[in-house]
Amino acid sequence: MKEPQHFLTTQMDHKVIAESSNRVRLGTEDFPGKYVDLVASPDSLKGLAGRGTVHHVAFATPNAETQLEMIEKLNKFGLEHTEVKDRKYFTSVYFKEPGGVLFEIATSGPGFDVDEELASLGESLSLPAQFEEKREHLNDVLPKFNYPTEKYR
């Protein structure tokens with residue numbers, strides 16, 4: 001647990017919020033969505049990639065400028081990372097922390113209202129351009145939601 005904790009506190013501006021015998025809570029602020037719990041269970045089996053496992057851990061950063069600051073920290077720390085990837089609704093950079101966990105640094109914007117009105121957000125399937133050719137298939141396989149939209153306006 002020391003390696004991820006050290007990385008998060010020295011390179012990603014997290015602070016220890018609370019500790020117990022096998023758990024450390026780290027965060028930039030102490031409220032839900034702004035912290036990470038690290039749990040030490042040295043006697044458990046190591047997880048294997050597949051269903052039910054975490055692929056990566058995403059961290060939000062306000063904008064491209066703060067994302068670039070993080071990239072500079074990664075470079076100084078000697079960690080390899082991807083180029084900035086445009087995800088239409090945000091941009092992402094991926095890297096493995098020294099313990100091997102895949103981390104993502106994603107900007108908070110531009111946001112999910114770049115291609116639909118905020119008032120009707122989520123009422124239809126919006127897709128980044130690279131997935132448009134799969135629209136018909138995605139409409140067939142994704143779960144259907146049926147909520148009374150008037151109630152929420």
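The values are calculated or read from the model by the stated rules, or taken from the named source; none is laboratory data. The structure displayed is predicted, hence computed values, not measured ones. We place every Cβ from the backbone using ideal geometry, glycine too, and count neighbours over all the protein chains shown. With ligands, DNA and RNA removed, areas are computed over all heavy atoms of the protein, side chains included. Shrake-Rupley method; radii C 1.70, N 1.55, O 1.52, S 1.80 Å.
GNM on the chain, alpha-carbon springs under 10 angstrom: the most fluctuating residue among G27, G78, G50 is G50. Sequentially through the stretch 90-102, phi angles give Karplus couplings (6.51, -1.76, 1.60; θ = phi - 60°) of 6, 10, 9, 10, 10, 7, 9, 6, x, x, x, 7, 7 Hz, Gly and Pro residues having no value and appearing as x. Taken per residue, the accessible surface of the chain reaches 74 Å², heavy atoms only and a 1.4 Å probe. Compute the helix-to-body angle for 64-77: its Cα long axis versus the longest principal axis of the chain, expressed 0 to 90° and rounded to tens. With both axes taken from Cα atoms, the answer is about 30 degrees. Computed over neighbours whose Cβ is under 12 Å from that of Q11, the net charge equals -3, Lys and Arg +1, Asp and Glu -1. So for the stretch 11-153: antiparallel DSSP bridges make up what percent, rounded to the nearest 5? Once the DSSP bridges in the stretch 11-153 are tallied, antiparallel ones form about 75 percent. Between the helical axis of 2-11 and the longest alpha-carbon principal axis of the chain there is an angle of about 70 degrees.
Inter-label distance, E117 to K2: 5.8 nm, where each label sits 7 Å from its Cα along the C-beta direction.
Between (i) 44; (ii) 40; (iii) 53, which matches percent of Cα pairs over 23 Å apart calculated for the structure shown? From the options (i) 44; (ii) 40; (iii) 53, the structure gives (iii). Computed over the chain, the per-residue total of -39500 (n - 2.57) for DSSP H runs of n ≥ 4 gives a 222 nm mean residue ellipticity of -6000 deg cm²/dmol, rounded to 500.
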